[in-house]
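Undergrad: To start, I am sharing the structure in question, which I have written as structure tokens.
The values are calculated or read from the model by the stated rules, or taken from the named source; none is laboratory data. Predicted model only: the values in this text are computed from it and were never measured. For neighbour counting, all protein chains shown are included, and Cβ atoms are generated from backbone atoms with ideal geometry for every residue, glycine included.
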Amino acid sequence: MKVITLLNEKGGVGKTTLATHVAAGLAIRGSRVILVDADSQGHATVALGIHKSPAVYDLFVRDAPFRDTLRLVSTEVYEHPAYPSEGALYIVPGNVETRNIANSISDAFTISQKLEELGDSVDYVVFDTSPTPSLLHGSIYLATHTILYPTKCEYLSFDGLVESMKHRQQAEAHRAKWRLPPIQTLGIIPTMFRAQTLEHLENLQALRQRYGDDVFTPIPQRTIWTEATRVHRTVWNFAPESKSAKEFDQLMLRLIGRLENVQA
């Protein structure tokens, strides 16, 4: 089982959209995937057509079993009409109570220990996170194998990315004390990209100069993304022949290639 965390300490960068699509993309290709909605807004839950609930809080604070907190996501929400899903996608729904987890857990290894209960029954666990760092983030860091960073090619998003990197370094120090291997970078994905603007082009160049091959091909800003979210569908289910669907298919191929090198 590999744990993927979506992080950027700046809201509005497309983190939830990316989290739901990465989780669904892995399920379509045959993996058993759990998406944990660890943001108190519960938007990953809503995006997949599931009702908000305190399931994440129940799981990590009340020690509820996974079987009582998982919700199976209907394949009608996310699969490509021409290619039936070969895996399964579950979500642990969140709601406003998620914000209380940080004040309700005292053991930084709470999440790691809970995930151990899954054994080999799951291939991937994907965490969607809040932009506000907390003890919950610290516990997620200790359970994470690899991080995916979404960012807009704008100043404030870059600031959130830099802050996320700083907190990751702090987490790495704690991991080293427990002889845990370093967290691997799965990638940095520029989102809502506007190629017609000089700011985005220059910032993309700066991002590539600093982070090299970790920077993925940008995801262009198109209204089809918000249209798909509004009806609780992935972009390749809502508009399978669209440019956005085909671009994200290419992104998934690169992600899967990099995931093969991630050590669980």
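Undergrad: With the requirement that a residue be in contact with a Phe, Trp or Tyr (Cβ under 7 Å, 6 or more places away or on another chain) and of a type outside the set (Lys, Arg), what does segment 60-74 give you?
TA: LEU70, LEU72, VAL73 - these are the residues of segment 60-74 that are in contact with a Phe, Trp or Tyr (Cβ under 7 Å, 6 or more places away or on another chain) and of a type outside the set (Lys, Arg).
Undergrad: If you don't mind, there's one more thing I want to ask. Looking at (1) of a type in the set (Gly, Ala, Ser); (2) modelled with pLDDT under 95; (3) under 25 Å from PRO181 (Cβ atoms); (4) in contact with a helix residue (DSSP H, G or I) (Cβ under 7 Å, 6 or more places away or on another chain), find the lone condition where SER85 falls short.
TA: (3)
Undergrad: Conditions first: (1) modelled with pLDDT of 95 or more; (2) of a type outside the set (Gly, Ala, Ser); (3) over 14 Å from SER31 (Cβ atoms). VAL126 passes all but one, so which condition is the exception?
TA: So VAL126 meets the others, but not (3).
Undergrad: Could you say which residue among LEU48, LEU59, LEU35, LEU72 is surrounded by 20 or more Cβ atoms within 10 Å (Cβ to Cβ), at pLDDT 95 or above, of a type outside the set (Gly, Ala, Ser) and farther than 17 Å from LEU115 by Cα?
TA: LEU48
Undergrad: Could you tell me which residue of segment 129-154 is nearest to the chain's Cα centre (by Cα), considering only residues that are at pLDDT below 90 and of a type in the set (Ser, Thr, Tyr)?
TA: If we take residues in segment 129-154 being at pLDDT below 90 and of a type in the set (Ser, Thr, Tyr), then THR132 is nearest to the chain's Cα centre (by Cα).
Undergrad: Sticking with this structure for a sec: Test PRO182 against the criterion of being loosely packed, with under 15 Cβ neighbours inside 10 Å and either touching a strand residue (DSSP E or B) at 6+ places or on another chain (Cβ under 7 Å) or not in a helix (DSSP H, G or I) (or both), and give yes or no.
TA: Details: loosely packed, with under 15 Cβ neighbours inside 10 Å: yes; either touching a strand residue (DSSP E or B) at 6+ places or on another chain (Cβ under 7 Å) or not in a helix (DSSP H, G or I) (or both): yes.
Answer is yes for this residue.
For every residue, the table says whether it meets (1) without any contact (Cβ under 8 Å) to a residue 12 or more places away in the chain; (2) surrounded by fewer than 16 Cβ atoms within 10 Å (Cβ to Cβ); (3) in a helix (DSSP H, G or I).
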site	(1), (2), (3)
LEU204	no, no, yes
ARG233	no, no, no
ASN237	no, no, yes
LYS246	yes, yes, yes
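Undergrad: For the condition assigned to a helix (DSSP H, G or I) and surrounded by 19 or more Cβ atoms within 10 Å (Cβ to Cβ), what is the one hit in GLY257, GLY160?
TA: Step by step, each of GLY257, GLY160 is checked, and only GLY160 is assigned to a helix (DSSP H, G or I) and surrounded by 19 or more Cβ atoms within 10 Å (Cβ to Cβ).
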